[in-house]
Amino acid sequence: MSHIGDVYPSGLLPIKTGNIRTKSLAEIYRNSPVFQNLRNPDNYKGKCGVCEFRYVCGGSRSRTYAITGDYMEYTFQKHCENRKRT
């Protein structure tokens with residue numbers, strides 16, 4: 001959350017989801033399309049969207065956004081391959 005009340009999913013994912021001066025934090029969390037997408041791993045794209053670990057892992061949505069500009073897209077992440085080997 002910013003100093004003026006803007007709400008973001010994390011400090012590393014700079015997508016404004018609302019402002020607590022106009023809506024409650026609960027309302028923003030429940031109704032923001034960004035938060036709704038982040039809560040539903042079935043919406044993930046690419047390899048993340050079909051990965052058997054998507055419900056427990058979630059990938060790094062902020063890293064994906066930084067690389068692709070789309071927080072729901074897939075971006076190779078080293079920990080993915082390490083998890084699948086065990």
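The values are calculated or read from the model by the stated rules, or taken from the named source; none is laboratory data. All values derive from a computational prediction rather than experimental measurement. For neighbour counting, all protein chains shown are included, and Cβ atoms are generated from backbone atoms with ideal geometry for every residue, glycine included.
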Which pairs do you get when a residue that is in contact (Cβ under 8 Å) with a residue 40 or more places away in the chain, found in the stretch 52-63, comes within reach of a residue that is of a type in the set (A, V, I, L, M, F, W, C) and surrounded by 13 or more Cβ atoms within 10 Å (Cβ to Cβ), reach meaning Cβ atoms under 7 angstrom, with the pair 6+ apart or on two chains? Arg61/Leu13; Arg61/Leu38; Ser62/Leu13
Kindly establish whether Ile67 is modelled with pLDDT of 90 or more, part of a helix (DSSP H, G or I) and either surrounded by fewer than 18 Cβ atoms within 10 Å (Cβ to Cβ) or assigned by TED's automatic domain parsing to the domain that holds His3 (or both). no
Before we move on, is Lys23 outside any loop (DSSP other than H, G, I, E, B), of a type in the set (D, E, K, R) and surrounded by 13 or more Cβ atoms within 10 Å (Cβ to Cβ)? no
